[in-house]
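Everything on this sheet refers to the single structure shown next.
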Amino acid sequence: MSILYASNSNEINDRERRNMNRSRKIASDGMVLLANDGILPLSPLSKPLALFGSGARRTVKGGTGSGDVNSRTVYNVEQGLEDAGFTIGTKAWLNQFDSDCNDALNAFGKHFQETVQEKGWAGVNEALINPYRDPVVPDISKKDLEGTDSYCAIYVIGRTSGEGSDRKLSGGDYQLSEKEISNLLFLTEHFEHTIVVINAGGVIDTKFLRAQKGISAILLMSQPGCVGGLALADVLTGKVTPSGHLTTTWANNYEDYPSFDTFSYQNGDVNDEYYSEGIFVGYRYFDSFGKTPAYPFGFGLSYTDFSIVSKGCSLQGENVILTVTVKNIGNQYSGRETVQVYVTQPQGNLDKAYQVLAGFAKTKSLAPGQEATLEIIFSLRSLASYDEANAHYLLEAGNYYVRLGNYSRNTHIVAAIHVAETIITKQVANKVCKDSDFSTLKANESLFFTYSDEEAEKKSVPIIEVSSQLIPTETVSYESEATLFTTDKETFITLEDVLNYNASVEELTAQLTVEELASLVVGSARGGFAENSIIGAASSACPGAAGDTTSNLIESRGIINLSLADGPAGLRLSKSFVADKDHNIIPGLGESSMGNLPQLLGMPIPERPEDAMDYYQYCTAIPIATLLAQTWDMSLLEEAGDIVGEEMEEFGITLWLAPGMNIHRNPLCGRNFEYYSEDPLISGLCAAADTLGVQAHKGCSTTIKHFALNNQEDNRTHSNSHCSERALREIYLKGFEIAIKIANPKSLMTSYNLVNGIHAANNKELLTDILRQEWNFQGLVMTDWGTTDQPDASFKYGSSSPSLCIKAGNDLIMPGSQNDVDTIINAIGKELTFVDLQTCANRVLSLVVFHQKK
Ligand code: BGC
């Protein structure tokens, strides 16, 4: 009888309550106050509050697709404000919008049902490409305002997006809709103050909001998980002083982003994406090319003010140590401040961005007048640039100016580190080079951001000398072929033998036949993508989990299967399911994580056996990754990971398919909400902290994803990301490298797209040479779902091949199909060696052993 981890009780339990409270705290710390003329924090009102906007009741907790988490409840903004003591005076308007949304959802559902019935899986993909969007908001009339307090109104702008489709530049998505603008014009005319809350997972156009008189405050609520409404009320009322800071640049105009006209569908070509901006992504571009953002990278207001003073900068070995005091110089509110350190590198043979983030730290809550001392440490090595011509990382000679402040456009130089002679920090070989010829942006110092005292600061700061002997050159040697696993043990080895230390994992691997090995490297689904692997819910061991490793070797070798479930905004499982008395799960009963998709796909709803039992597995929807990063507090990221790890243990999940750590290259990417930032350092540190939180739970691990260059969702399975090796290494891979070196995640997921002409899933230079040989990654690599099982016809670029996955060191093909198994077996002796297969299977087995030894 298999083990079922879920509970038979539908009652809310202590773990749920505790994790919701923790999530509420994290959510309030990651909301960013963008503007405030003093209206916030909000005092109690004498009359009911006017609350409007698409996110007021239908608050978006997180994005759609596999990144959506099925929590028991979602506290919306209306409930949060009511809980905080406000009476809502605009229920009629909210009811109207609710009913419009229900009508629109029914119409979408009907259309979806017809499409799926007509086209099967192709119909599901169509829905991913054209997802449900809320209808336009109703007008606001004078009648809607009756009885409300004319002192202020709150307007919540809701936005959602998800995998498979990029965001639209139009009204109701990146832009405000005409109705939203007319609503806001009406409110600013009738209320003394209008507070705008942005309930979106990414950037929107804020031009109108910033220009309109009467908009007194703008708060980025972001997508805050299942208790977001409560967390928002905490910030609005001053129970929590806002301390979130942006981790992505919010532009004045969409056209200010470097890839504005070529990104995804923008130039009509979703097959080839040229990363022509090179290393100039996000603030690296804005600061270097004369663009003034609406809200710069790192920006965020508080209800109080802080002074930030450098107490000295020194070198200890390769590390720069900056000591800083932060004082709350306000007189009313406590609050936390984020101290950010940037470095301006010298221009040399390689051009550099105006500045790069080098380190940061956040204070605890400081009462008015209270002071704290922080130490910010970063290694000089981390500032090295990549020279493609010589395949090495180097610190070019010159001054490295250390800047201190609380956002990217508000820093002052506090020290200069003088590198007398160029230092080569690491020698590698050229890998994953550009597959086509296109030029990348070159810096022009005359366009760099500057401020009045900058030159004077450069001359007045202390200089720290660095000798070239300080940093030895690391040299990577790329090992040749893997060796065959052999054993002279004649007894039949099982997993039990390995767990009892009677045999090693390698000896078990050595005894496996080609068929057994091929079975191990393919996930448990055998029907094929088109038949039974519903995206994000292909596990048969744990309903709603994304997939399992194979159970084919349980009887013969005792090799158990592992369950893998999505994130990143919590643990994605079905809320409930039904099993018979022998613990056989009855598919189709209970609350599927995919709604009624199984029925639409023609999967029959079975009879409920008399002795069947209901099982419940409610998980906490934590805030989206971007909000987590906006806390700039790595202990909160670790706590978010701890919430997930606790729930993984409870429900028997080994691998969390998160964190997602692609770079916010362009604000229209449909999955940016699942990712942390446009900056690789903060992305890497967040993923590391999240991982440490999860992996503190025995037998649980993260799967950092999507490796690499998965920055576009339209045509994601067949698009070719063309990128220079320098930008790849300095921007897009760097976060992964940081996370691996700090936190050792046990697993990594490849992306769907091609990287410089080769599918990421089949890219040996990426998965073996860089990941394992340069970075020493010891874990398991898996594919994204159905990578090897996508239709090829009519696409410029085909799909990845199962045997080339194994050849590249992609150990596990998920969720798997019989075709994957057969193709791998047939490829042995041709494009694949037996050793290649053993190597991947051995890594799957090592993970099974890791899980079992918990
Ligand atoms: C997504 C992955 C996810 C997987 C399993 C894919 O569609 O791209 O991020 O982990 O599904 O649900």
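Structure notes:
- For Asp134: the one exception among (1) open to solvent by less than 90 Å² (accessible area, probe 1.4 Å); (2) in contact (Cβ under 8 Å) with a residue 60 or more places away in the chain; (3) assigned to a helix (DSSP H, G or I): (3)
- Contacts under 6 angstrom Cβ, first residue in segment 1-13 being outside the structural domain of Glu591 (by TED's automatic domain parsing), partner surrounded by 12 or more Cβ atoms within 10 Å (Cβ to Cβ) and part of a loop (DSSP other than H, G, I, E, B), 6 or more apart: Met1/His583; Ser2/His583; Leu4/His583; Tyr5/Gly652; Ala6/Gln617
- Where Asp789 falls short, out of the listed (1) crowded, with 24+ Cβ neighbours inside 10 Å; (2) within 14 Å of the ligand (Cβ to nearest atom): (1)
- For segment 800-819, the set of residues classified as in a helix (DSSP H, G or I) and within 16 Å of the ligand (Cβ to nearest atom) consists of Cys805 only.
- Entry remark, segment 543-593: residues being away from the ligand (no atom under 16 Å from the Cβ), part of a strand (DSSP E or B) and closer than 27 Å to Arg24 by Cβ number 1 in total.
- Residues in segment 157-180 that are open to solvent by less than 50 Å² (accessible area, probe 1.4 Å) and in a helix (DSSP H, G or I): Glu180 only.
- Yes/no for Lys746 being farther than 22 Å from Gln712 by Cα and either of a type in the set (D, E, K, R) or free of Cβ contacts under 8 Å to residues at least 12 places away in the same chain (or both): yes
- Taken over segment 55-68, residues that are open to solvent by less than 10 Å² (accessible area, probe 1.4 Å) and either more than 13 Å from Glu674 (Cβ to Cβ) or in contact with a His (Cβ under 6 Å, 6 or more places away or on another chain) (or both) amount to 2.
- Condition met for Ala84 (outside the structural domain of Cys669 (by TED's automatic domain parsing), under 30 Å from Gly238 (Cα atoms), touching a residue at least 12 places away in the same chain (Cβ under 8 Å) and open to solvent by less than 70 Å² (accessible area, probe 1.4 Å)): yes
The values are calculated or read from the model by the stated rules, or taken from the named source; none is laboratory data. Keep in mind that this is a model prediction, so the values were computed, not measured. Cβ sites come from the backbone with ideal geometry, for glycine too, and all protein chains shown count toward neighbours. These area figures cover heavy atoms from the full protein model, side chains too; ligands, DNA and RNA do not enter into them. Shrake-Rupley method; radii C 1.70, N 1.55, O 1.52, S 1.80 Å.
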